Amino acid sequence: MIRITYSREQKPLAEAIRDDLAETYQIARPLLIVLVSTASNADPNVAAEIARARSEGAHILPILTENIALPAALAGRRPLNFSAGYDRARLLKRLAQTAMTPDDIRRANRRGLVLIGGLALLVFLIAVIAISGGAVAFPVAEYNEEATFQAQWVDGLIRETLEHVQPRSTEDALNFPATHEAAPTRLYLYIRETATAMAHEGGG
């Protein structure tokens, strides 16, 4: 059910809207259209209609017929601005949105999710095909260059210290545990896995 509330001087616009809404709209809950003007803001009948609609939980659509602020009772509502003239197409579009039931909204959301998921899958498949066909390749040369740089950096960082503690003969290797224990803690990871490192528990 759609009702229109307005002040006396807004009657021609109200009648035009009523004629355009002669077609029955299937809406999820009652709708009150409020024609907002300086006069209607001061009209107690309009205020009573707004209060009634709010108490009933009806949807309220404010339509500005003047460039003024919404009254406090309509604060937070999204109005249509017809201060420059009535726009039938915009009104019908807004009513079509209002007419959507919760099930309609859920179905529309599901369709949107399916569309987004389909686009994501399509992009993924295109990427896989492009990589498989060689159209897109990983920057192997850059990876190798970075790996070489890191290896050189680590080598330069620890070589000077390792030179003094690594075994150089069979005798050094036999005494490696002592060398290992004497090495700086930060070098354990580099020493303990070498061929002459200390034997792990339970094995040689």
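Would you say GLY76 is within 30 Å of ASN109 (Cα to Cα) and either in contact with a Phe, Trp or Tyr (Cβ under 6 Å, 6 or more places away or on another chain) or assigned to a loop (DSSP other than H, G, I, E, B) (or both)? Spelling it out, GLY76 is indeed within 30 Å of ASN109 (Cα to Cα) and either in contact with a Phe, Trp or Tyr (Cβ under 6 Å, 6 or more places away or on another chain) or assigned to a loop (DSSP other than H, G, I, E, B) (or both). Any residue that is in contact with a Pro (Cβ under 9 Å, 6 or more places away or on another chain), outside any loop (DSSP other than H, G, I, E, B) and acidic (Asp, Glu) - is there at least one of those in the stretch 53-60? Yes, because at least one residue in the stretch 53-60 is in contact with a Pro (Cβ under 9 Å, 6 or more places away or on another chain), outside any loop (DSSP other than H, G, I, E, B) and acidic (Asp, Glu). Number of residues in the stretch 37-66 that are polar (S, T, N, Q), in contact (Cβ under 8 Å) with a residue 40 or more places away in the chain and within 10 Å of THR5 (Cβ to Cβ): the value is 1. Does GLY76 satisfy the condition of being loosely packed, with under 10 Cβ neighbours inside 10 Å, on the phi > 0 side of the Ramachandran plot and at pLDDT below 85? So GLY76 fails the test. For THR161, the stated conditions hold: it is hydroxyl-bearing (Ser, Thr, Tyr) and either at pLDDT below 70 or surrounded by 11 or more Cβ atoms within 10 Å (Cβ to Cβ) (or both). When ASN81 is tested against (1) within 32 Å of the chain's Cα centre (by Cα); (2) free of Cβ contacts under 8 Å to residues at least 12 places away in the same chain, exactly one condition is not met: (2). Scanning the stretch 1-47 for residues that are assigned to a loop (DSSP other than H, G, I, E, B), surrounded by fewer than 20 Cβ atoms within 10 Å (Cβ to Cβ) and hydroxyl-bearing (Ser, Thr, Tyr), we see that the one that is modelled with the lowest pLDDT is THR24.
The values are calculated or read from the model by the stated rules, or taken from the named source; none is laboratory data. Note that this is a predicted model, so its numbers are computed, not measured. With ideal geometry, Cβ positions are generated from the backbone for all residues, glycine too; neighbour counts draw on all protein chains shown.
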